[in-house]
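K.L.:
Right, I'll just put the structure down here and ask away after.
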Amino acid sequence: MFGLVREPIDIRKTAEDIRKPEDGAIVVFEGVVRNHSNDKPVRFLEYEAYEPMALKKIEEIGLRAKNEFDIRDISIVHRLGHMQIGECSAVIVVASAHRGAAFDACRFAIDTIKKIVPIWKKEFYEDGEVWIEGAH
Amino acid sequence: MFGLVREPIDIRKTAEDIRKPEDGAIVVFEGVVRNHSNDKPVRFLEYEAYEPMALKKIEEIGLRAKNEFDIRDISIVHRLGHMQIGECSAVIVVASAHRGAAFDACRFAIDTIKKIVPIWKKEFYEDGEVWIEGAH
Amino acid sequence: MSIKVLFFASLAEAAGTRELILEPASLTDLNSVFEKCAKERPLLESHRASVLFALNSEFARPDSPVRDGDEIAFFPPVSGG
Amino acid sequence: MSIKVLFFASLAEAAGTRELILEPASLTDLNSVFEKCAKERPLLESHRASVLFALNSEFARPDSPVRDGDEIAFFPPVSGG
């Protein structure tokens, strides 16, 4: 399952929905809104996306993960809009017969999301706000 | 938190309990009871442990993970006794400011559990049962 | 011809808009479209070194030709996850 | 002296018991304790090549000396997770 949502992500449901009796390992990555960024306190975040392209890229990453690693399935959900500290901004769930491929695919997915999915994060501080830009 | 339990593991609670505002990444590994083993259908499993030593080794692995990787905290819970297909036999949750260390520590923990924690799995088939032995 | 231009994140703030409809008189490429926008919205200039181009929801090179009905997007390096 | 010997998993099945109390007449080591058990419980013999030894909840070498009150465990390669 691949999705962009504006409400809190139901992580447990995302992990339960993917599960099948042949799976031996589930690896879950949760991106969480941190209370600091480069030692500066963060009040909250907003995520914006170029939504049709972001969803297309997320689906591409999911398909590449399934092609390149020995996994059975992968779900990727990214949340958009306003998020409080401690809330989950993105979740990736990988189901596989064996754990090594599940770890590799999950890490590939989050690393690639951070490179090619058109989503941007704005951090709000006590004294202002800044759009965060990834490495070019 | 490190534990051996006999009831179903509450994975979401294990992941929620560890979380703090400074964490940016949570990585969760769930070992799941598979419906097959070397192409043979499995009906259910039983896990047995040398409990005091197993708990001591799990704690050791947790402390080593915290020392060797840049993570904030780790929880490891292993279930013992009778387990149905699809149930979770073990869960590892790692909380960290950054994702790379969280993945590395989680993988280190499950790999090391499978090497040094005195827990054994017995698979039950239609026509018998077998104690599984790890690589020596 | 008519093309849609989208701006995101810091580029939308620099452009002062999220969307423009342009009607260039002749065939052009992504880079020329950015040039044209930056001339009218000078705050975009400071993003020239890092801006990414998308053409119809796919990453594209600055010299990609633009056709009637295309959707172009200009945005900064991504920071999701 | 008195020592406690624990067997787990396939070793418990081979030994036909999970726990023994032994009272060796003299100082001995883990390997000798296993030998003694295997002589009385011949099914243990087939595990000799793979058996692991623990002494007071820590992995130990076969030649580790055994003292009064020690808890010894014999078990197969682990398969948890």
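K.L.:
Considering only residues of the range A:74-88 that are farther than 13 Å from A:Val5 by Cβ and within 13 Å of chain B (Cβ to nearest Cβ), which is nearest to the chain's Cα centre (by Cα)?
P.N.:
A:Gly86
K.L.:
Further question: If a residue has to be at pLDDT below 95 and within 10 Å of A:Val91 (Cβ to Cβ) to count, how many in the range A:15-31 make the cut?
P.N.:
Number satisfying all stated conditions: 1.
K.L.:
With respect to the numbered conditions (1) among the β-branched types (Val, Ile, Thr); (2) within 24 Å of B:Thr14 (Cβ to Cβ); (3) more than 14 Å from chain B (Cβ to nearest Cβ), which one is the sole condition not fulfilled by A:Ile58?
P.N.:
(2)
K.L.:
Moving on to the next point. Which of the following residues is touching a Leu at 6+ places or on another chain (Cβ under 9 Å) and more than 13 Å from B:Trp120 (Cβ to Cβ): B:Ile61, B:Ile85?
P.N.:
That would be B:Ile85, the only listed residue that is touching a Leu at 6+ places or on another chain (Cβ under 9 Å) and more than 13 Å from B:Trp120 (Cβ to Cβ).
K.L.:
Here's a follow-up. Quick test for you: out of D:Phe34, D:Phe59, D:Phe74, D:Phe8, pick the one residue that is under 9 Å from the mean Cα position of the chain (by Cα), surrounded by 14 or more Cβ atoms within 10 Å (Cβ to Cβ) and within 14 Å of chain B (Cβ to nearest Cβ).
P.N.:
Among D:Phe34, D:Phe59, D:Phe74, D:Phe8, only D:Phe74 is under 9 Å from the mean Cα position of the chain (by Cα), surrounded by 14 or more Cβ atoms within 10 Å (Cβ to Cβ) and within 14 Å of chain B (Cβ to nearest Cβ).
K.L.:
Scanning for something touching a Leu at 6+ places or on another chain (Cβ under 9 Å) and more than 10 Å from chain D (Cβ to nearest Cβ), does the range B:108-118 turn up at least one residue?
P.N.:
Checked the range B:108-118: no residue is touching a Leu at 6+ places or on another chain (Cβ under 9 Å) and more than 10 Å from chain D (Cβ to nearest Cβ).
K.L.:
Further, regarding this structure: Keeping to the range B:1-46, report how many residues are out of contact with any Pro (no Cβ under 8 Å at 6 or more places or on another chain), in contact (Cβ under 8 Å) with a residue 40 or more places away in the chain and within 14 Å of chain A (Cβ to nearest Cβ).
P.N.:
Number satisfying all stated conditions: 28.
K.L.:
Another question, if that's okay. Would you tally the residues in the range C:17-31 being over 21 Å from A:Glu51 (Cβ atoms) and in contact (Cβ under 8 Å) with a residue 12 or more places away in the chain?
P.N.:
Selection size over the range C:17-31: 7.
K.L.:
Could you run through the range D:11-31 and say how many residues are surrounded by 13 or more Cβ atoms within 10 Å (Cβ to Cβ), of a type outside the set (A, V, I, L, M) and closer than 15 Å to D:Phe53 by Cα? Quick ask: steps written out before the conclusion?
P.N.:
Of all residues in the range D:11-31, those surrounded by 13 or more Cβ atoms within 10 Å (Cβ to Cβ) come to D:11-15, D:17-18, D:20, D:22, D:24, D:28-31.
Retained after the next criterion (residues that are of a type outside the set (A, V, I, L, M)): D:13, D:17-18, D:24, D:28-29, D:31.
Restricting the remaining residues to those that are closer than 15 Å to D:Phe53 by Cα gives D:18, D:28-29, D:31.
Count: 4.
The values are calculated or read from the model by the stated rules, or taken from the named source; none is laboratory data. Just so it is clear, the structure is predicted and the values come from calculations on it, not from any experiment. Don't worry about glycine lacking a Cβ; one is built from the backbone with ideal geometry, like all the others, and counts go over all protein chains shown.
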